[in-house]
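Chemist: Okay, handing you the structure first.
The values are calculated or read from the model by the stated rules, or taken from the named source; none is laboratory data. A quick note: this is a predicted structure, and the numbers were derived from the prediction, not measured. Cβ sites come from the backbone with ideal geometry, for glycine too, and all protein chains shown count toward neighbours. The accessibility values were calculated without ligands, DNA or RNA, using every heavy atom of the protein model including side chains. Shrake-Rupley method; radii C 1.70, N 1.55, O 1.52, S 1.80 Å.
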Amino acid sequence: MSDANAGTTAPRIVPHLWFDREAKEAAAFYSSVFPDSAIKSVTTLRDTPSGDSDVVSFTIWGSPFMAISAGPLFKMNPSVSFMVNFDPSLDDRASELLDEIWDKLSEGGAPLMPLGEYPFSKRYGWIQDKYGVNWQLILTNPEGEPRPTIIPSLMFTGDNAGRAEEARELYLSVFERSRPGQLHRYGPGREPDREGTVMFSDFMVENTWMTAMDSAHNHGFTFNEAVSLLVRCDTQTQIDAYWSALSADPQAEQCGWLKDKFGLSWQIAPAAMDDMMANGTPEQIARVTAAFMPMKKLDIAKLEEAYRG
């Protein structure tokens, strides 16, 4: 695997992290840990149900991320993690860099799979950092098909165990510019994981690679709003289509957020909203915030009208 970010269309799907009050602090930490990482903008939303909330746009190793400080409502868990590919064909220090980043993420963190050699990689480890975000660091096979450096990874557990392939097919059918990648199944004797369910798969949706796997072990966690996937849309038609195809829980529809049939949280939002919130005046940001807070599905025309005043 190698970095396939260069020369491709910018990803439309952006991981979004929910923190209590630590969004800026966490983004600064990741900017210090990973290469090619920086905070792009910080916007404060006033008078939300969580009080004043900081929204942070940042990059981690060239991949876009968003984060919000919006109170202690949700706690991160390993159902959504981020795979970080270290490719020795691109950097002869890949293994050393992996170890350096592991050490930095270990400060205040907790390893879930110790750093070491595994059947699928000569160097791999899974760690939950001090902010609760989960990372899988892997020395990749340079002969494999190119993949981006950072890939959101979904683990289907509990009632979702055995549904990773169903989810993969749904997402491939819903999103444009999509294609399947690898698919490896559990064989016999892997109980409690059922033979034929997904041990590892990856796929690309809207120029964003993701991985999915089943795990029937008694983990005690599943998807929640702490990690969501923000979809940047150019038109109301796109918003309407994605909303209709994905939303499966009317109670979870709020401010552009929805939950799909697996409980995974998505945000379906206008791409233009990034510019509004990053570059608007405090008055413009306040008007846009007041406009979107009562909405379920976002309305581009009404948001633009609020921005213009």
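Chemist: Can you name every residue in segment 215-246 that is touching a Lys or Arg at 6+ places or on another chain (Cβ under 7 Å) and not aromatic (Phe, Trp, Tyr)? Give the derivation first.
Modeler: Keep residues of segment 215-246 that are touching a Lys or Arg at 6+ places or on another chain (Cβ under 7 Å), which gives 216, 226, 231-232, 239, 243.
216, 226, 231, 232, 239, listed by residue number.
Chemist: Wholly within segment 82-158, which strands (runs of 3 or more DSSP E) include no fewer than the required count, namely at least 3 residues that are touching a residue at least 40 places away in the same chain (Cβ under 8 Å), hydrophobic (A, V, I, L, M, F, W, C) and open to solvent by less than 10 Å² (accessible area, probe 1.4 Å)? Steps first, answer last, please.
Modeler: Details: elements: 110-118, 121-128, 134-139, 150-156.
Strands (runs of 3 or more DSSP E) meeting the threshold: 150-156.
Chemist: Residues that are under 18 Å from the mean Cα position of the chain (by Cα) and under 24 Å from residue 283 (Cα atoms), at least 3 per element: which strands (runs of 3 or more DSSP E) completely within segment 17-73 meet that? Break it down into steps so the answer makes sense when it comes.
Modeler: Working: elements: 38-48, 51-60, 63-69.
The qualifying strands (runs of 3 or more DSSP E) are 51-60, 63-69.
Chemist: Would you tally the residues in segment 207-218 being open to solvent by 10 Å² or more (accessible area, probe 1.4 Å) and in contact with a helix residue (DSSP H, G or I) (Cβ under 7 Å, 6 or more places away or on another chain)?
Modeler: Within segment 207-218, residues that are open to solvent by 10 Å² or more (accessible area, probe 1.4 Å) and in contact with a helix residue (DSSP H, G or I) (Cβ under 7 Å, 6 or more places away or on another chain) number 1.
Chemist: Out of 170, 183, report the one residue that is surrounded by fewer than 20 Cβ atoms within 10 Å (Cβ to Cβ) and touching a residue at least 40 places away in the same chain (Cβ under 8 Å).
Modeler: Details: 183 fails: touching a residue at least 40 places away in the same chain (Cβ under 8 Å).
When all the criteria are applied, what remains is 170.
Chemist: For segment 159-174, which positions are in a loop (DSSP other than H, G, I, E, B) and touching a Phe, Trp or Tyr at 6+ places or on another chain (Cβ under 8 Å)?
Modeler: Initially, segment 159-174 is screened for residues in a loop (DSSP other than H, G, I, E, B), giving 161-163.
Across segment 159-174, the qualifying residues are 162, 163.
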